[in-house]
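No lab work stands behind these numbers, since they all come straight from the coordinates. Since the structure is predicted, the reported quantities are computational estimates derived from the model, not experimental observations. Here the Cβ positions follow ideal geometry from the backbone for every residue, glycine too, while neighbour counts run over all protein chains shown.
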Amino acid sequence: MITIEILLKNKNQIGEVSKQLETEDIKFLVNLLDEKNEEIRYAAFLALQSRSEYSPDVYTYWDDFSQKLSSSNSYQRSIGIMLLAENVRWDNQNKFEGLAESYLYHCEDEKFITSRQTIQSINKWISYKENLLPAVMQRYIEKQRKPAKTSADGYFKCFVTDSEN
């Protein structure tokens, strides 16, 4: 059973910690994503992100992550974006298709970091959801028609150009 103390003590070996997680540990970590203490919240996020790379058990909390997309807190939006991106590989129920538009909306998030993280995360899921490439390209075209607001706009252009090659 994982505890906050174990999580923080082993934050530099988070990949190893994630391999030891039990079902109840994952629920505990998902609850820690709402923790006010940034160190605890971030360690829980990293453990869940790592676990998502090789196990479908974090996907169970898909709805929790998708709800974070509408949070007024940019940290929570970013957490939702990145954990959804990691778990698209396990999305046999095609839940992502239902929220792709809302997800891609955050390419133009009011907070630069959230916008950048959304754009960067596309690379994590596009190979699993190639049917959504037209939606990504449409978002890119729409962005090109608007004046650049942040340097994330330039990053999106680089991402799309690299993806086309």
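In order along the stretch 62-72, phi translates into HN-Hα couplings of 3, 5, 4, 5, 5, 5, 5, 4, 9, 5, 6 Hz, rounded to whole numbers, per the Karplus curve 6.51 cos²θ - 1.76 cosθ + 1.60 with θ = phi - 60° and x for Gly and Pro.
Looking at the square roots a ≥ b ≥ c of the eigenvalues of the Cα gyration tensor of the stretch 1-103, which shape do they give, rounded for a/c under 1.5, prolate if a/b is larger than b/c, or oblate? Oblate. Taking 0.36 nm per residue of sequence separation and removing the Cα-Cα distance, the residue 55/residue 113 pair yields an extension gain of 18.2 nm. Note on residue 9: aspartates and glutamates with a C-alpha under 14 Å away, same-chain residues under 8 apart excluded, are 39. Principal-axis analysis of the Cα atoms of the chain puts helix 151-164 at an angle of about 80° to the longest axis.
Taking θ as phi - 60° and the Karplus parameters 6.51, -1.76 and 1.60, the scalar couplings of the stretch 81-89 work out to 4, 6, 6, 4, 4, 5, 9, 4, 4 Hz in sequence order, x denoting glycine and proline. Per-residue ellipticity at 222 nm, computed for the chain from helices alone with -39500 (n - 2.57) per DSSP H run of at least four residues, works out to -20000 deg cm²/dmol. For the peptides 40-53, 18-31, 104-117, the ranking by packing is 40-53, 104-117, 18-31, with the highest mean count of neighbouring Cβ atoms within 10 Å listed first. The lysine pair tally for the stretch 18-124, using Cα distances under 27 Å and a gap of 8 or more places or different chains, is 17. Between residue 13 and residue 105, the distance separating the two model label sites (each 7 Å from Cα on the Cα→Cβ line) works out to 4.3 nm.
Taking a straight Cα-Cα cut-off under 15 Å and skipping sequence neighbours fewer than 8 places away in the same chain, the aspartates and glutamates within cross-link reach of residue 129 are 86, 91, 97, 101.
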